[in-house]
Amino acid sequence: MQKIFAVLTVIFAIVVLWYGAAVMMNAKWVKEQAVRAKVELSTTQLISQTLSQDRPVVPAPHQVGVEFWKSVFTKNVTSKRSLVFHAWITLRATLLGFFIGTLAGIILSIGIIHIRAMDMSVMPWAIASQTIPILAIAPMIIVVLNSIGIQGLIPKAIISAYLSFFPVLVGMVKGLRSPDHIQLDLMKTYHADAKSTFFSLRLPSSVPYLFTSMKVGVAAALVGTIVGELPTGAIRGLGARLLTGSYYGQTIQMWAALFAAAFLAAGLVALVGMAEKATLKRMGMIR
């Protein structure tokens, strides 16, 4: 009960601050219109008009909620005005990119653990790769792939994988190195080779680290997909929805798409969490 109350308190505080920000940010336009019309506005009228603009600087929570409801529940899921339609387009590329990134992270981490040359070379390059802004590299990837005839899902998935592989790589390296010297020495007393040590000790020890990093990776994969949709001039996907809203000043539409992306990310993280709980329970690591 206390947790629910704490969450509701935080949500209430955010909503209050949001309404306050909407009033302050939108008040300038309302005042300018009142001056042009030579009309004096009361405080109530000012607040009312700042919260009901068609193209506000900061839309009020109820405006975003109404737009979200209309775009999700009142539109046909095959309509290009449906957030469900755009979310599905983004989700496909996200899942493919997340799969590629996770697989790449696991494979590279295994190589780093067993091959010293990879440890000395791959990890620094992996760290350096994350210092490149994704907004700079995304158009380059799209242009290069487009030049060889690869369009649509694959370029977005590659950008998604680019962001998601690093958390998995770092988490798996940490997990595979988590067994202490006593455990490794015990495996040696059993005359276990590197393969047996890996599958019997290192891999099981790394599972909690893997799922923790996957939660970060799947959220990063979604960000990568949305960023990948922006420079392509796409007409489908949450990134395209954001782009269209920015072109035509439809801030309410943009905020609704942002909330759709947030809910999608939360759902993906929750699914990874459920898989983690089921896997660790089956392995006997939790009850």
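Each residue of the range 204-214 was assigned a 3J(HN,Hα) from its phi angle through the Karplus expression (A = 6.51, B = -1.76, C = 1.60, θ = phi - 60°), giving x, 5, 8, 4, x, 5, 4, 5, 4, 5, 5 Hz with x at Gly and Pro.
Using a probe of 1.4 angstrom and keeping all protein chains present, the accessible surface of the range 20-167 works out to 59 square angstrom per residue. For the chain, taking Cα atoms only, Rg and Dmax work out to 24.4, 91 Å respectively. So how far, in whole Å, is the C-alpha centre of the range 162-238 from the one of the range 60-87? Centre-to-centre (Cα) distance: 35 Å. Relative contact order of the range 114-245, taken over Cα pairs closer than 8 Å and 6 or more residues apart, is 32 percent.
The length gained on full extension between Arg36 and Lys277, counted as 0.36 nm times the residue separation minus their Cα-Cα distance, comes to 80.6 nm.
Can you pull the percent of the range 213-287's accessible area that's carbon plus sulfur, 1.4 Å probe, other chains left in place?
On the way: 2530 of 3790 Å².
Heavy-atom surface of the range 213-287 belonging to carbon and sulfur, 1.4 Å probe: 67 percent.
Roughly what would the spin-label model give for Ala128 and Lys28, points 7 Å off Cα along C-beta, in nm? Label at Ala128, label at Lys28, 4.3 nm between them.
By the helix-only formula, in which each DSSP H run with n ≥ 4 contributes -39500 (n - 2.57) and the sum is divided by residues, the chain has a 222 nm mean residue ellipticity of -26500 deg cm²/dmol. With each label modelled as a point 7 angstrom along the Cα→C-beta vector, the Thr78-His114 pair spans 4.9 nm.
With a cut-off of 15 Å between beta carbons, the residues surrounding Phe198 carry a summed charge of +3, where Lys and Arg count +1 and Asp and Glu -1. Spatial offset of the range 260-287 relative to the range 8-43 amounts to 40 Å, using the alpha carbon center of each.
The 3J(HN,Hα) values that the Karplus relation (6.51, -1.76, 1.60; θ = phi - 60°) gives for the range 263-272 are, in residue order, 5, 5, 5, 4, x, 5, 5, 5, 5, 5 Hz. Gly and Pro appear as x. Seen from Ala34, the other residues with C-beta closer than 13 Å to its C-beta sum to a net charge of +2, counting Lys and Arg as +1 and Asp and Glu as -1.
Rounded to two decimals, what is Rg over Rh for the range 36-80 when you use alpha-carbon atoms and the Kirkwood radius?
Here the Rg-to-Rh quotient is 1.18.
In this rough spin-label picture, where each label sits 7 Å from Cα along the Cβ direction, the Thr9-Leu103 distance is 4.8 nm. Evaluated with a Cβ-only charge set (Lys, Arg +1; Asp, Glu -1), the range 50-172 carries a dipole of roughly 360 debye about its Cα centre, given to the nearest 20. Mean-square fluctuations from a GNM of the chain, with a 10 angstrom spring cutoff on Cα atoms, peak among Leu95, Leu135, Leu41 at Leu41.
Comparing Val84, Val16, Val122 in a Gaussian network model of the chain, where Cα atoms under 10 Å apart are tied by springs, the biggest mean-square fluctuation is seen for Val16. Surface composition of the range 1-146: carbon plus sulfur atoms contribute 72% of the solvent-accessible area (1.4 Å probe, protein chains only, all chains present). Short-range pairs are left out: with C-alpha atoms under 8 Å and at least six residues apart, the relative contact order of the range 6-128 is 15 percent. Putting +1 on Lys and Arg Cβ atoms and -1 on Asp and Glu Cβ atoms, find which of Leu41, Leu91, Ile14 reaches farthest to the positive end of the dipole of the range 1-140. Checking the options against the dipole of the range 1-140, the answer is Leu41. What the range 179-244 shows is 50 Å² of accessible area per residue, with the surface traced by a 1.4 Å probe over protein heavy atoms. Note: relative contact order over the chain, using C-alpha pairs below 8 Å and six or more positions apart, is 22 percent. Considering only Ser82, Ser42, Ser205, the mean-square fluctuation computed in a Gaussian network model of the chain, springs between alpha carbons under 10 angstrom, is largest for Ser42.
Could you tell me which trypsin sites (Lys or Arg not before Pro) in the range 57-166 are loop residues by DSSP with no more than 16 other beta carbons within 10 angstrom of their beta carbon? Hits after loop and neighbour filter: Lys75, Lys80, Arg81.
Past the 30 Å Cα-Cα mark, which pairs from Lys28/Lys215; Lys80/Lys281; Lys156/Lys215; Lys156/Lys281; Lys174/Lys281; Lys3/Lys215?
Lys28/Lys215; Lys80/Lys281; Lys156/Lys281
The values are calculated or read from the model by the stated rules, or taken from the named source; none is laboratory data. On a predicted model such as this, the values are computed, not experimentally measured, just so you know. Cβ sites come from the backbone with ideal geometry, for glycine too, and all protein chains shown count toward neighbours. Remember, those area values only see protein heavy atoms, side chains included, never the ligands or the DNA or RNA. Shrake-Rupley method; radii C 1.70, N 1.55, O 1.52, S 1.80 Å.
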